[in-house]
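Below is one structure, written out as structure tokens; the observations come after it.
The values are calculated or read from the model by the stated rules, or taken from the named source; none is laboratory data. Just so it is clear, the structure is predicted and the values come from calculations on it, not from any experiment. Please note: Cβ atoms are built from the backbone with ideal geometry, for glycine as well, and neighbour counts cover all protein chains shown.
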């Protein structure tokens, strides 16, 4: 009798000539096994249509940065493109390639082994997994990618002519990881023009024990669209996934428009404030599957921000200083108008957008809010009232609690400066901060990209004082170092959920200046500094107060508060409570 090499089950049946299907782990494999030459030929045909490297967002780079902190020895099996060597080395990795037998290697201990679009084509995937495991160090990481294919949408002719020779399910991959690496992998599912892919990542000897539930986190595809922009909610999702695993919850991620919720206890969707319609389609797919749905609304009232999007560039495009100052005074007083839009009523949100968000949040079985202020706004603005749990945004103590100040100082030679971290865009109010500090004798360090706002960035550069420095990106460790050296982190945004950058700065021992618009008082209380984002003089006053009143004791109090309430461990605990509550409520509704 045939025995499945993935799950060791005997309950299998042949479903097509030349292929065997395992009902236990939902896999299909050629039988008899094709020879190696044929398998490699099929692999080459497949790879003609697949780019070897994603210039926008490369999952291999992102995951290695996250799991190896940007350094280590990496081995890729059957690499598709020699140019990858240059890219990986530029990232700080020692990069090698080998054949499917792993015979062309210079070491027997690697920090990471990569199987990218390989496992479906090698004649014996289980043997290759075993070889890779033996080549990994004790805490080494295995990364792999396969296409998400179902038996129903693969014809026998297509498989024989083009491959793959193995169709693997998440269940089969999990068994291979558990058997050969003693780990429970994290799965990432995403769509591309070439199909839907599943990425799996697992660190040796990190198995989820006593698993109590499986959760599929769902994010908008744009959340992972640009590699150098993988911060904010994108980082929070993965940090939360890793913390939940420590608590016995298997958490995976889907950024597919049709998330596969089969086998999961519930789905947790992260709302993208500018792409609500796509999130609604994802939510409808989840609800159709029958899975309970938790939503993190990350809701922001954008009416004032939409007004600022029109007003700020217009004001700062005025060349005559007296005229510009008059407009800024009107803005500060709340009396500015532009065209048909008046500041007192802002810009009304598009009706379709409001209705989309109302429908999206109404589908939730439970909401996870960043603050009580956010939940209150959802109730007032959208008339949506759901059970909810508050899970504050957070920072990683391993990175931000006691950073190495020398990392930033050795490169830039600055201390006791003002730093602002975030996208350079109207919402973050970067230009107003720059204008407020243009004549201050205090260095201002702006860290962030301007990919979505090139014209706004041009204005920022135009008004920047001689003490202003623009840095497109810093590593997490360099950022922590900069926070520790700075006197103040300033982010006078028109609207925020709860900025990770501000929380990270506070954890590193930095004073924080935020706007008085959102629920950030709940995070920083009397130890934070606040300003009116519509007033550059208010921003100036806030900076002045921070330098006068932001002494050591105040910074220490704020740091202690953040450590107690805003860590990923704390967030995972509160998130777990939300999941348990959701499942209990679902049981109650069903009965």
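Just checking, which of 145, 203 is at pLDDT 95 or above, within 25 Å of residue 45 (Cβ to Cβ), within 31 Å of the chain's Cα centre (by Cα) and crowded, with 17+ Cβ neighbours inside 10 Å? Can you show your working first?
Values: 203 fails: within 25 Å of residue 45 (Cβ to Cβ).
After applying the criteria, what remains is 145.
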Can you tell me how many residues in region 318-349 are more than 21 Å from residue 515 (Cβ to Cβ), part of a helix (DSSP H, G or I) and touching a helix residue (DSSP H, G or I) at 6+ places or on another chain (Cβ under 7 Å)?
-> 1
Scanning region 458-488 residue by residue, those out of contact with any strand residue (DSSP E or B) (no Cβ under 8 Å at 6 or more places or on another chain), under 19 Å from residue 316 (Cβ atoms) and not in a loop (DSSP other than H, G, I, E, B) turn out to be 458, 459, 462, 463
Touching a residue at least 24 places away in the same chain (Cβ under 8 Å) and surrounded by fewer than 19 Cβ atoms within 10 Å (Cβ to Cβ): does that describe residue 408?
-> no
Mind counting the residues in region 70-107 that are at positive phi and either at pLDDT below 90 or under 23 Å from the mean Cα position of the chain (by Cα) (or both)?
-> 4
Can you confirm whether region 60-69 contains a residue that is over 17 Å from the mean Cα position of the chain (by Cα), surrounded by fewer than 16 Cβ atoms within 10 Å (Cβ to Cβ) and over 30 Å from residue 263 (Cα atoms)?
-> no
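Picking from 315, 286, which residue would you name as being part of a helix (DSSP H, G or I) and in contact with a helix residue (DSSP H, G or I) (Cβ under 9 Å, 6 or more places away or on another chain)?
Details: 286 fails: in contact with a helix residue (DSSP H, G or I) (Cβ under 9 Å, 6 or more places away or on another chain).
After ruling out the rest, the residue left standing is 315.
Could you tell me whether region 367-385 includes any residue that is assigned to a strand (DSSP E or B), within 19 Å of residue 482 (Cα to Cα) and under 26 Å from the mean Cα position of the chain (by Cα)? Give the steps one after another, and end with the answer.
If we filter region 367-385 for residues that are assigned to a strand (DSSP E or B), which is where we start, we get 367-369.
This time we only want the ones that are within 19 Å of residue 482 (Cα to Cα), so: none.
No.
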Within region 115-134, is even one residue in contact with a strand residue (DSSP E or B) (Cβ under 9 Å, 6 or more places away or on another chain), farther than 18 Å from residue 79 by Cα and not in a helix (DSSP H, G or I)?
-> no
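Can you pull out the residues in region 92-114 that are closer than 17 Å to residue 68 by Cα and in contact with a strand residue (DSSP E or B) (Cβ under 7 Å, 6 or more places away or on another chain)? Even if it seems obvious, please write down each step before you answer.
Step one: filter region 92-114 for residues closer than 17 Å to residue 68 by Cα, giving 92-96, 109-114.
Listed by number, the residues that qualify are 93, 94, 95, 96, 109, 110, 111, 112, 113, 114.
I'd like to know if region 297-316 contains one or more residues that are outside the structural domain of residue 433 (by TED's automatic domain parsing), farther than 30 Å from residue 435 by Cα and buried (at least 18 other Cβ atoms within 10 Å of the Cβ). Let's see the steps before the verdict.
Taking region 297-316 as the starting set, the residues that turn out to be outside the structural domain of residue 433 (by TED's automatic domain parsing) are 297-316.
Filter again for farther than 30 Å from residue 435 by Cα, leaving 297.
Now drop any that are not buried (at least 18 other Cβ atoms within 10 Å of the Cβ), which leaves 297.
Within region 297-316 (the criterion being outside the structural domain of residue 433 (by TED's automatic domain parsing), farther than 30 Å from residue 435 by Cα and buried (at least 18 other Cβ atoms within 10 Å of the Cβ)), the answer is yes, since at least one residue qualifies.
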If you check residue 446 against the conditions, is it assigned to a helix (DSSP H, G or I), crowded, with 16+ Cβ neighbours inside 10 Å, without any contact (Cβ under 8 Å) to a residue 60 or more places away in the chain and in contact with a strand residue (DSSP E or B) (Cβ under 7 Å, 6 or more places away or on another chain)?
-> no
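Listed here are the residues, each with its yes/no results for (1) modelled with pLDDT under 95; (2) under 25 Å from residue 217 (Cα atoms); (3) not in a helix (DSSP H, G or I); (4) not assigned by TED's automatic domain parsing to the domain that holds residue 489.
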| site | (1), (2), (3), (4) |
| --- | --- |
| 522 | yes, no, no, no |
| 530 | no, no, yes, no |
| 538 | no, no, no, no |
| 546 | no, no, no, no |
| 557 | no, no, no, no |
| 561 | no, no, no, no |
| 575 | no, yes, no, yes |
| 578 | no, yes, no, yes |
